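Structure, as structure tokens:
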Amino acid sequence: MKLTNFFLPTKKEVPSEAKIVSHRLMLRAGLIRMETSGIYSWLPLGYKVLEKIRHIIEFQHLQKNINQMLMPTIQSSDIWIQSRRYDSYGEEMLRITDRNQKKLLYGPTNEEMITVLGKDYIQSYKELPLYLYHIQNKFRDEIRPRFGVMRAREFLMKDAYSFDIDKKSAEKTYELFFNLYLNIFNKMGLNIIPVRALSGEIGGDLSHEFHCLCETGESEIVVDTNILEPQKSESFSTFSNYYSSTIEYFEKSGIENSKLKVKKSIELGHIFLFGDKYSSSFDFKINSPSGLIFPYMGSYGIGLSRIPAACIEINHDEKGIIWPQQISPFDLIIINLRVKSELCVNFCNEMYDVCKNQNIDILFDDRDERIGVKFSEADLIGIPFQLLIGKRFEEDSVIELKNRKTGDVLEITEKEFLENYLKKIRQ
Ligand code: ATP
Ligand code: MG
């Protein structure tokens, strides 16, 4: 994408109600725009980040053969009356009446709908276990929407649902999602801590949240300082040498070492095993070797639209955002510092085409702008690598590759760039 074609409305000033750094930077770098309280548009740069996150989630779910689908955002109130959550959900639920006076609502979550769907299609235990998920907007009329997309009213969530024949099989499913979630957050370049949690409104007795540590976070978790080391997905398998499951590793090691600390954090995911709570409410029975039974169910959520904000909260400096490579909106930005030089223009265009052909997601600052503006905007939007083409290229055919995080600048030739550095830049 050429910056002359890209809609990147950066801002110098942001409203004073934007209190935390991620909210300010998301507004300043033109990622999001508030339409009304707690309701946001995702502008092209922000939307690209969201799509990178979506892609990681979809790819990882596909690896585990989890079916993707899409349920509607508007639900009938009838199913919520049947599960007895219509009243208990309270003021957070946005209730709507249609022209025929039928009561509808904008879904805050989908346990009811998926249970009714399951009841309609699943008859036998032979069809289980079954996993379904979708990525869909939710609406919760939060009492205090704040921190931008971190606590919004409309937000994008991935929610998966599982059906199993019994408790034992459901616990295996739960473990599968637990490990899947560690993997997903790891692929996003986030250090995540799984935390034992209360089930709250959803119900059930087994539940974990997935948190990243952050001083400005709204949550507080008790964490064993021994597991604060960066976690690599490869090492998860080694846990099973000592513990029967990854879940047990996180829970038992915390208790044994008792180096517990209270830390501020941000909740990015939450999984629940609620058993037959909904299948029994909806009288959803299936055939099994021991007669008719209520399937065991679980639900598994990730707050997609909260992730970019959490990521910025953790990865930034005084100049702006520093994206982890994995979810950066672009892999590389080429900056032409000499737009009047035919040599530089031609070379930039050539590099731009080469990168595109190599599937590098590239942004090309081809604007006729002051160099200072180009530098500060590139730092603000936080693409991990900047390729600078200017005076050094004109004089000595040297191109400069800048690392946004460290500020280090490598002076290299075109050949070195193409042979040694391109592959490191590609995600
Ligand atoms: P919180 O405790 O932050 O209010 P929750 O426990 O109500 O969240 P869940 O029902 O567990 O949320 O939803 C799954 C995920 O959706 C959460 O882990 C979080 O990442 C995200 N999420 C929940 N509420 C919001 C919101 N208001 N704005 C943005 N993301 C949200
Ligand atoms: Mg939660």
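For segment 327-349, the set of residues classified as buried (at least 17 other Cβ atoms within 10 Å of the Cβ) and not in a loop (DSSP other than H, G, I, E, B) consists of ILE327, LEU332, ILE333, ILE334, ILE335, ASN336, CYS344, PHE347, CYS348, listed by residue number.
Listed by first and then second residue, the pairs with beta-carbon distance under 8 Å, at least 6 apart or on different chains, first residue in segment 263-276 and away from ligand 1 (no atom under 14 Å from the Cβ), second charged (D, E, K, R), are LYS263/GLU220; GLY275/LYS167; GLY275/ASP205. Being away from ligand 1 (no atom under 16 Å from the Cβ), surrounded by fewer than 20 Cβ atoms within 10 Å (Cβ to Cβ) and in the same structural domain as LYS277 (by TED's automatic domain parsing) holds for only one residue in LEU94, LEU117, LEU128, and it is LEU117. Assess whether GLU175 counts as being away from ligand 1 (no atom under 16 Å from the Cβ), under 24 Å from the mean Cα position of the chain (by Cα) and closer than 25 Å to ASN65 by Cα. Considered against the rule, which asks whether it is away from ligand 1 (no atom under 16 Å from the Cβ), under 24 Å from the mean Cα position of the chain (by Cα) and closer than 25 Å to ASN65 by Cα, GLU175 comes out as yes. Residue count for segment 127-176 under the criterion of being assigned to a helix (DSSP H, G or I) and of a type in the set (A, V, I, L, M): the result is 4.
Residue-wise test of (1) at pLDDT below 95; (2) out of contact with any strand residue (DSSP E or B) (no Cβ under 8 Å at 6 or more places or on another chain); (3) outside the structural domain of LEU418 (by TED's automatic domain parsing).
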{"position": "PRO308", "(1), (2), (3)": "no, yes, yes"}
{"position": "CYS311", "(1), (2), (3)": "no, yes, yes"}
{"position": "CYS344", "(1), (2), (3)": "no, no, no"}
{"position": "PHE347", "(1), (2), (3)": "no, no, no"}
{"position": "GLU350", "(1), (2), (3)": "no, yes, no"}
{"position": "ASP353", "(1), (2), (3)": "no, yes, no"}
{"position": "LYS356", "(1), (2), (3)": "no, no, no"}
{"position": "PHE364", "(1), (2), (3)": "no, no, no"}
{"position": "ASP368", "(1), (2), (3)": "no, yes, no"}
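For GLN101, the stated conditions do not hold, so it cannot be described as of a type in the set (S, T, N, Q) and in a helix (DSSP H, G or I).
To keep it simple, each residue is scored yes or no on (1) more than 23 Å from ILE135 (Cα to Cα); (2) touching a Cys at 6+ places or on another chain (Cβ under 6 Å); (3) in the same structural domain as ILE57 (by TED's automatic domain parsing); (4) within 16 Å of ligand 2 (Cβ to nearest atom).
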{"residue": "PHE272", "(1), (2), (3), (4)": "no, no, yes, yes"}
{"residue": "ASN287", "(1), (2), (3), (4)": "yes, no, yes, no"}
{"residue": "SER290", "(1), (2), (3), (4)": "yes, no, yes, no"}
{"residue": "ILE334", "(1), (2), (3), (4)": "yes, yes, no, no"}
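Restricting GLU400, GLU411 to those that are under 29 Å from PRO308 (Cα atoms) and among the charged types (D, E, K, R) reduces the list to GLU400. Taking the criterion of being away from ligand 2 (no atom under 16 Å from the Cβ), under 28 Å from THR115 (Cβ atoms) and in contact (Cβ under 8 Å) with a residue 60 or more places away in the chain, the residues of segment 292-319 that qualify are ILE293, PRO295, TYR296, MET297.
TYR40 fulfils the conditions (1) assigned to a strand (DSSP E or B); (2) surrounded by fewer than 19 Cβ atoms within 10 Å (Cβ to Cβ) except for a single criterion, (2). Give the residue that is surrounded by the fewest Cβ atoms within 10 Å (Cβ to Cβ), with candidates limited to residues of segment 381-413 that are within 13 Å of ASP331 (Cα to Cα) and of a type in the set (Lys, Arg). Filtering segment 381-413 for residues that are within 13 Å of ASP331 (Cα to Cα) and of a type in the set (Lys, Arg), the one surrounded by the fewest Cβ atoms within 10 Å (Cβ to Cβ) comes out as LYS402.
Within segment 290-308, the set of residues being within 30 Å of ILE20 (Cα to Cα) and not hydroxyl-bearing (Ser, Thr, Tyr) comprises GLY301, ILE302, GLY303, LEU304, ARG306, ILE307, PRO308. I'm trying to understand the selection: among the residues of segment 389-409, which are under 22 Å from GLN326 (Cα atoms) and hydrophobic (A, V, I, L, M, F, W, C)? Result: LEU401, VAL409.
The values are calculated or read from the model by the stated rules, or taken from the named source; none is laboratory data. The shown structure was predicted, so the numbers you read here are calculated from the model rather than taken from an experiment. Cβ atoms come from the backbone with ideal geometry, glycine included; neighbour counts cover every protein chain shown.
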